[in-house]
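Read through the structure below, which is laid out as structure tokens, and then see the notes.
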Amino acid sequence: MPKKVLIIRFSSIGDIVLTTPVIRVIKTQLEDVEVHYCTKKQYHSILEANPYIDKFHFFDNDLNALAKALKEEQFDFVVDLHNNLRTRLLKNRLKKPSAAFPKLNWEKWLVVNLKVNKLPNVHIVDRYLEAAKPLGVKKDALGLDYFIPEKDQIEDNWLPKTHQKDFVAFAIGGQHETKKLPLERMIELCDKINKPIVILGGKEDAENGAKIEAFFERGEESEAQKESLDALGKKAEIYNGCGKFSINQSASILKKASYVFTHDTGMMHIAAAMKKNVFSIWGNTIPEFGMYPYQTKFTLLENKKLSCRPCSKIGYDKCPKGHFKCMKDIIFDFWLP
């Protein structure tokens with residue numbers, strides 16, 4: 001009988017992508033192992049093409065039903081990469097050997113509330129891998145995984161001709177407003193990038209995407225205006241893809257991009273899985289939480305001169321101080337060849 005291992009991570013996009021090295025090392029380093037993964041149904045597409053997962057289980061907020069189904073599997077070991085009350089209750093019901101990653105809640109509270117930084121200089125992926133160590137697996141050097149189903153591979157002609165050969169992807173979304181640049185600063189960043197740009201985001205980002213696209217739209221300029229724009233080297237052409245692509249299709253676009261600009265979101269981790277050169281934009285959160293781009297080239301864009309930052313380990317609908325200097329005062333100090 002093969003050894004059966006259950007990995008638990010209920011949500012969300014970025015956190016699930018960050019668990020992929022754990023999935024891989026368990027499947028590739030253990031003999032005759034069956035890897036099961038438990039998450040919420042809405043996140044299935046992120047892992048559906050992952051060849052290292054043998055079976056999925058889905059949590060629909062009925063912990064009793066989930067526990068009953070998982071108990072029938074008779075797992076040999078449970079790797080808890082969520083480590084909250086529900087996963088602890090679930091493990092208690094399963095009564096199987098298990099390990100969980102350290103969440104560092106106390107250390108995060110200290111740095112958010114007292115600005116005392118006791119956080120270890122360890123990426124969260126490496127903390128996830130600690131939970132799998134009892135199985136005898138070791139960290140490899142392959143970074144994050146993201147497998148795109150064949151049906152979601154983007155063809156070049158899905159994008160405008162101006163964006164089919166060389167473009168920059170800019171993921172403008174974010175779960176909280178304080179993790180996103182204000183619209184005027186998004187426009188400023190696009191002007192600084194000065195290349196064809198594909199804007200990515202959900203339907204909730206479509207309005208901002210349309211405003212950015214409209215700002216850079218070149219219509220019926222006079223010859224003098226065209227000459228002036230050409231003389232200034234204005235090359236930013238925007239394609240607003242917000243709400244037009246699934247998560248896997250967006251991942252396919254990231255894979256084609258020359259560079260990726262993104263807030264501290266799941267798209268940042270998908271870009272890292274694609275081994276992209278990532279320009280990572282940070283507002284109220286900080287890279288020291290251990291969730292910066294993993295094992296890929298990256299540049300951090302952040303305002304480190306604020307005593308109020310970080311103000312949360314997650315985010316807010318608006319700046320608690322009212323000034324939002326963490327995003328408004330970021331210096332866009334980079335150069336693209």
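Within segment 51-60, one or more residues are in contact with a strand residue (DSSP E or B) (Cβ under 6 Å, 6 or more places away or on another chain), surrounded by fewer than 14 Cβ atoms within 10 Å (Cβ to Cβ), closer than 25 Å to P134 by Cα and not assigned by TED's automatic domain parsing to the domain that holds K304. Checking each residue in segment 79-119 for being among the aromatic types (F, W, Y) and part of a loop (DSSP other than H, G, I, E, B) picks out only F101. Screening D80 against (1) out of contact with any Pro (no Cβ under 9 Å at 6 or more places or on another chain); (2) over 20 Å from G136 (Cβ atoms) leaves a single unmet condition, (2).
Please work out which residue is nearest to I253 (Cα to Cα), limiting yourself to segment 195-216 and to residues that are in a loop (DSSP other than H, G, I, E, B) and either at pLDDT below 95 or touching a strand residue (DSSP E or B) at 6+ places or on another chain (Cβ under 8 Å) (or both).
Of everything passing the filter in segment 195-216, G201 is nearest to I253 (Cα to Cα).
Residues in segment 291-312: is at least one buried (at least 17 other Cβ atoms within 10 Å of the Cβ), over 27 Å from V122 (Cβ atoms) and in contact with a Gly (Cβ under 8 Å, 6 or more places away or on another chain)? No, segment 291-312 contains no residue that is buried (at least 17 other Cβ atoms within 10 Å of the Cβ), over 27 Å from V122 (Cβ atoms) and in contact with a Gly (Cβ under 8 Å, 6 or more places away or on another chain).
Only one residue in T262, T285 is in the same structural domain as V168 (by TED's automatic domain parsing), within 16 Å of T178 (Cβ to Cβ), β-branched (V, I, T) and part of a loop (DSSP other than H, G, I, E, B), so which one is that?
T285
For V122, are the conditions met, namely being assigned to a loop (DSSP other than H, G, I, E, B) and hydrophobic (A, V, I, L, M, F, W, C)? Yes; evaluated as a whole, the condition is true for this residue.
The values are calculated or read from the model by the stated rules, or taken from the named source; none is laboratory data. All values derive from a computational prediction rather than experimental measurement. All Cβ positions, glycine included, derive from the backbone under ideal geometry; neighbour counts span all protein chains shown.
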